[in-house]
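Input: a single structure, listed below in structure tokens.
The values are calculated or read from the model by the stated rules, or taken from the named source; none is laboratory data. If you're wondering where the values come from, they're calculated on a predicted model, not measured in any experiment. Glycine also receives a Cβ, built like all others from the backbone with ideal geometry; neighbour counts cover every protein chain displayed.
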Amino acid sequence: MSDSLSTLKSAIERLSADQTITNAGEARRTFLDFRAALTRGEIRAAEKVGRDWATNAWVKQGILLGFRLGVLAEMSDGDVLSFVDKDTFPARRLTLADQIRLVPGGSSIREGAYVAPSVICMPPMFINVGAYVDEGSMIDSHALVGSCAQVGKRVHLSAAAQVGGVLEPINAAPVILEDDVLVGGNCGVYEGTLVRARAVLGAGTILTRSTPLYDLVRGEIYRATAESPLEVPEGAVVVPGSRGVKKGKGAEWNLSLYTPVIVKYRDEKTDRGIELEEWLR
């Protein structure tokens, strides 16, 4: 971390710890420097160190500080869109220099979200503050990238996919989608789930901390622990499944509960099935 970012980190931590902010002007200037660094991708809510991911709690502190400093303000985008929100987190105004393809139709990216050049945003979609979306990814119609979610390179979030956000507790890991992940339509990835590179989530798959993931190929069951989130292995192909209830009325009534299931690992046939995605970029 550079000296300037180290100084910024210390200032954010100090302001976050203050019960009362005595110099609002100075605090706002510090926050605006922080928000600009977030938007440029110079800082992020989580970073990969080797194979592991580390959460940067101070970045979440900075975002929460922005909500604390902000006041409600009327905002508008010409004559088409008007809204009321904290003035510290307005919608981003993109220019050609950003090299982000934003198709018209009601999409929004908040200031403090990093969206790399070559990302495609289909209408309507929303990228929240603290999110990080890397090069070549596509955020499809009605898709959500929540607060602090980390999206790698060449990821496709299909229509209506939801990537959950997290701000509190500040040490909680955000949802992470590594490079080349395909998230099918109407999927939900929540509560710090880590989806490793090249995994494929079939349409309608839901992943949370409390959801066990059954691997039919390797004969394993993956679960979140107190120390680590649910993790989808690299290249896994996951689809919605069910498991029978073995006790009580559930068994008597022959009920089943939802669970995600790994049915295969990515191969040439899987790659051929999704290669048309590249044409959309």
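Would you please list the contacts, defined by Cβ atoms under 8 Å and residues six or more apart or on different chains, that run from a residue in segment 20-39 that is assigned to a helix (DSSP H, G or I) to a residue that is among the basic types (Lys, Arg) and at pLDDT 95 or above?
If the second residue must be among the basic types (Lys, Arg) and at pLDDT 95 or above, the pairs left are LEU38/ARG44.
Pairs needed: first member in segment 78-107, assigned by TED's automatic domain parsing to the domain that holds PHE126 and within 19 Å of SER137 (Cβ to Cβ); second member anywhere, among the hydroxyl-bearing types (Ser, Thr, Tyr) and surrounded by 16 or more Cβ atoms within 10 Å (Cβ to Cβ); C-beta distance under 6 Å; at least 6 residues apart or different chains.
none
Hey, among the residues in segment 192-205 that are closer than 14 Å to ALA224 by Cα and touching a strand residue (DSSP E or B) at 6+ places or on another chain (Cβ under 7 Å), which one's surrounded by the most Cβ atoms within 10 Å (Cβ to Cβ)?
This residue is VAL195.
Which one of ASP52, ASP85 is on the phi < 0 side of the Ramachandran plot, over 20 Å from the mean Cα position of the chain (by Cα) and of a type outside the set (Val, Ile, Thr)?
Exactly one of ASP52, ASP85 is on the phi < 0 side of the Ramachandran plot, over 20 Å from the mean Cα position of the chain (by Cα) and of a type outside the set (Val, Ile, Thr), namely ASP85.
Table: residues versus (1) of a type in the set (Phe, Trp, Tyr); (2) exposed (fewer than 12 other Cβ atoms within 10 Å of the Cβ); (3) touching a helix residue (DSSP H, G or I) at 6+ places or on another chain (Cβ under 6 Å).
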position: ALA11; (1), (2), (3): no, no, yes
position: THR20; (1), (2), (3): no, yes, no
position: VAL49; (1), (2), (3): no, yes, no
position: ALA57; (1), (2), (3): no, no, no
position: GLY62; (1), (2), (3): no, no, yes
position: VAL84; (1), (2), (3): no, yes, no
position: ILE100; (1), (2), (3): no, no, no
position: ALA113; (1), (2), (3): no, no, no
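Here is a yes/no grid of residues against (1) assigned by TED's automatic domain parsing to the domain that holds ALA143; (2) small (Gly, Ala, Ser); (3) within 20 Å of ALA46 (Cβ to Cβ):
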| residue | (1), (2), (3) |
| --- | --- |
| ARG209 | yes, no, yes |
| ASP215 | yes, no, no |
| THR225 | yes, no, yes |
| ALA236 | yes, yes, no |
| ASN254 | yes, no, no |
| THR259 | yes, no, no |
| ILE262 | yes, no, no |
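Of a type in the set (Asp, Glu) and either under 14 Å from the mean Cα position of the chain (by Cα) or crowded, with 22+ Cβ neighbours inside 10 Å (or both): does that describe ASP134?
So ASP134 fits the description; yes.
Might you let me know whether segment 203-215 holds any residue that is under 14 Å from GLY235 (Cα atoms) and in contact (Cβ under 8 Å) with a residue 40 or more places away in the chain?
Yes, segment 203-215 has at least one match.
Please report, ordered by residue number, the strands (runs of 3 or more DSSP E) entirely within segment 166-281 with at least 1 residues that are under 22 Å from ASP140 (Cβ atoms) and aliphatic (A, V, I, L, M).
Here the list reads 236-244.
Please determine, by comparing only the residues of segment 47-105 that are of a type in the set (A, V, I, L, M, F, W, C) and in a loop (DSSP other than H, G, I, E, B), which one is nearest to ARG35 (Cα to Cα).
The extreme case among them is PHE89.
I'm trying to understand the selection: among the residues of segment 226-244, which are out of contact with any Lys or Arg (no Cβ under 8 Å at 6 or more places or on another chain) and not β-branched (Val, Ile, Thr)?
ALA226, GLU227, SER228, PRO240, GLY241, SER242, ARG243, GLY244
Given the criteria charged (D, E, K, R), surrounded by 17 or more Cβ atoms within 10 Å (Cβ to Cβ) and either farther than 26 Å from MET122 by Cβ or at pLDDT 95 or above (or both), does ASP267 qualify?
Against the criterion (charged (D, E, K, R), surrounded by 17 or more Cβ atoms within 10 Å (Cβ to Cβ) and either farther than 26 Å from MET122 by Cβ or at pLDDT 95 or above (or both)), ASP267 does not qualify.
Does at least one position in segment 9-18 carry a residue that is touching a Phe, Trp or Tyr at 6+ places or on another chain (Cβ under 8 Å) and under 30 Å from PRO124 (Cα atoms)?
no
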